[in-house]
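Below is one structure; the comments refer to it alone.
The values are calculated or read from the model by the stated rules, or taken from the named source; none is laboratory data. A quick note: this is a predicted structure, and the numbers were derived from the prediction, not measured. Glycine also receives a Cβ, built like all others from the backbone with ideal geometry; neighbour counts cover every protein chain displayed. Calculation scope for accessible area: heavy atoms of the full protein, side chains included, ligands and nucleic acids excluded. Shrake-Rupley method; radii C 1.70, N 1.55, O 1.52, S 1.80 Å.
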Amino acid sequence: MTKPNFTVIIPLYNKAEHILRTLKSIEWQKYKAAEIIVVDDGSTDNGVELVKSQNIENLIIIEQENGGVSSARNKGIESANYEYIAFIDADDEWLPLY
């Protein structure tokens, strides 16, 4: 059985305190995301810099003026390269799937 490729979209707005934990939880999954799109929605903290510092190979960062979480998710959807999309907020985490 072939596993589907999928995109993970993370809207980011002033969640520097949590975003690294969120990214790690994505990396710990049994089924790896083909791409991770972080949409910075006009953050005023250093969240984007923290994301960039991780050097994640399949990571795309999009920066936009603040338009709200729905706007950030929609921008991520527009930029996704895969049919399947998963959403996670920048202050949430996924438990490992074994």
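Here is a check on your reading of the model: is Ala16 in contact (Cβ under 8 Å) with a residue 40 or more places away in the chain and small (Gly, Ala, Ser)? Considered against the rule, which asks whether it is in contact (Cβ under 8 Å) with a residue 40 or more places away in the chain and small (Gly, Ala, Ser), Ala16 comes out as no.
Does Lys52 qualify as being open to solvent by 30 Å² or more (accessible area, probe 1.4 Å) and closer than 16 Å to Leu97 by Cβ? No; evaluated as a whole, the condition is false for this residue. If you scan the range 56-98, which residues turn out to be over 12 Å from the mean Cα position of the chain (by Cα), over 20 Å from Ser25 (Cα atoms) and in contact (Cβ under 8 Å) with a residue 60 or more places away in the chain? Hits for the range 56-98 are Asn81, Tyr82, Glu83.
For the range 83-95, a residue qualifies if it is surrounded by 14 or more Cβ atoms within 10 Å (Cβ to Cβ) and under 14 Å from Ala34 (Cα atoms), and the qualifying residues are Ile85, Ala86, Phe87.
Is at least one residue of the range 26-48 open to solvent by 70 Å² or more (accessible area, probe 1.4 Å) and touching a helix residue (DSSP H, G or I) at 6+ places or on another chain (Cβ under 7 Å)? No, the conditions are met nowhere in the range 26-48.
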